[in-house]
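The block underneath contains the structure these notes are about, expressed in structure tokens.
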Amino acid sequence: MASGASWSALGDAHLHSNNLKTAFNCYNKATTLESETLYSLTRQAFVLTLLGRYTDAITLFDKVINQSPKYLLARKGKGEAHLYLAIQQVGRYKDEIAVSHIQQSLIAFHDALCLQSNYACLWKKYGDACMLLHPINDELINIRLPSFTEKFDENKIKDGDGYIRLKKFDLLQRAQKCFMQAIRLKSRSSVYWSCLAQCVYIQARYHSNDEHMLLLSFEYMKVALSLKPTNYLLWNALGVIAAHPVVNESGFAQHCFFKSLQ
């Protein structure tokens, strides 16, 4: 009879081939044979996330976390599942539910970063979650999070439990710090530079089209493009920033839009 490890390995092979349902069944079999092994249970939850079954995935991630609170991948996976649920709800204009899921997502990413702060991908995901709520009415946003570090949470007032309260613009500033930290850890990522540029651009729009922030966004997006010059989405994004009346690079914007179509 095949061992749990063999079923897990088979699940990995099917997952690599994108046979998600078969992979899930293999991991499920592995968990049945060796219930104390958390790897297969975590992979089950990961596959459920890929299948769009986010609530079921969160249930499994919580099961792993309850057994092993320092299991980093489960913390990260839970944060991602809540983030994807929030994205769904924003698309359906269910803003209050989206805010609730972002609250849970940020707590999960916070816990993951407390375990390991040297992974750029974790900082990027944390930033994504912070930035998602920017189209939502600020009156609906009141995120309560554990304080991270004094430097990261400067000028934020803590309550008796050591938690801080964040509104929309607080979250955008936090997202900017997250993307900058991701870049410090992995400076050659066009994705991280692009996220930073978008975040600063959004903040500029909320600050009455602040010139300094718009020009910063322009420079950050140029760095992103220099790292991946064949990406048409980056050319288009750079064109949008260049076309802004404050930046006023209409000729360059036209060039960017032309390049995005090539």
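Condition check ((1) in the same structural domain as residue 127 (by TED's automatic domain parsing); (2) of a type outside the set (S, T, N, Q); (3) part of a helix (DSSP H, G or I); (4) at pLDDT 95 or above) across all residues:
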position: 6; (1), (2), (3), (4): no, no, yes, no
position: 12; (1), (2), (3), (4): no, yes, yes, no
position: 18; (1), (2), (3), (4): no, no, no, no
position: 29; (1), (2), (3), (4): no, yes, yes, no
position: 32; (1), (2), (3), (4): no, no, yes, no
position: 39; (1), (2), (3), (4): no, yes, yes, no
position: 44; (1), (2), (3), (4): no, no, yes, yes
position: 47; (1), (2), (3), (4): no, yes, yes, yes
position: 60; (1), (2), (3), (4): no, yes, yes, yes
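Kindly indicate whether any position in segment 103-112 is in the same structural domain as residue 147 (by TED's automatic domain parsing), in contact (Cβ under 8 Å) with a residue 40 or more places away in the chain, closer than 30 Å to residue 187 by Cβ and not in a helix (DSSP H, G or I). No, there is no match, as no residue in segment 103-112 is in the same structural domain as residue 147 (by TED's automatic domain parsing), in contact (Cβ under 8 Å) with a residue 40 or more places away in the chain, closer than 30 Å to residue 187 by Cβ and not in a helix (DSSP H, G or I). Among the candidates 150, 80, 154, the residue that is outside the structural domain of residue 192 (by TED's automatic domain parsing) and assigned to a helix (DSSP H, G or I) is uniquely 80. State yes or no: is residue 74 closer than 17 Å to residue 166 by Cα, in contact with a helix residue (DSSP H, G or I) (Cβ under 6 Å, 6 or more places away or on another chain), assigned to a helix (DSSP H, G or I) and of a type outside the set (Asp, Glu)? It is false that residue 74 is closer than 17 Å to residue 166 by Cα, in contact with a helix residue (DSSP H, G or I) (Cβ under 6 Å, 6 or more places away or on another chain), assigned to a helix (DSSP H, G or I) and of a type outside the set (Asp, Glu).
I'd like the residue in segment 88-124 that is surrounded by fewer than 16 Cβ atoms within 10 Å (Cβ to Cβ) and either in contact with a Cys (Cβ under 6 Å, 6 or more places away or on another chain) or of a type in the set (A, V, I, L, M, F, W, C) (or both) and, out of all such residues, is nearest to residue 54 (Cα to Cα).
Taking segment 88-124 and keeping what is surrounded by fewer than 16 Cβ atoms within 10 Å (Cβ to Cβ), we get 88, 91-94, 96-97, 114-118, 121.
So of that shortlist, the ones also either in contact with a Cys (Cβ under 6 Å, 6 or more places away or on another chain) or of a type in the set (A, V, I, L, M, F, W, C) (or both) come out as 97, 114-115, 121.
Values: 97: 14, 114: 24, 115: 23, 121: 20 Å.
Per the criteria, the residue is 97.
Out of all the residues in segment 211-221, which are crowded, with 16+ Cβ neighbours inside 10 Å and free of Cβ contacts under 8 Å to residues at least 24 places away in the same chain? Result: 213, 216. If you filter segment 219-257 down to residues that are of a type in the set (Val, Ile, Thr) and in a helix (DSSP H, G or I), you find that the one that is nearest to residue 200 (Cα to Cα) is 241.
The values are calculated or read from the model by the stated rules, or taken from the named source; none is laboratory data. Just so we're clear, the structure is a prediction, and the values are computed from it rather than from any experiment. All Cβ positions, even for glycine, are placed from backbone atoms using ideal geometry, and neighbour counts span all protein chains on display.
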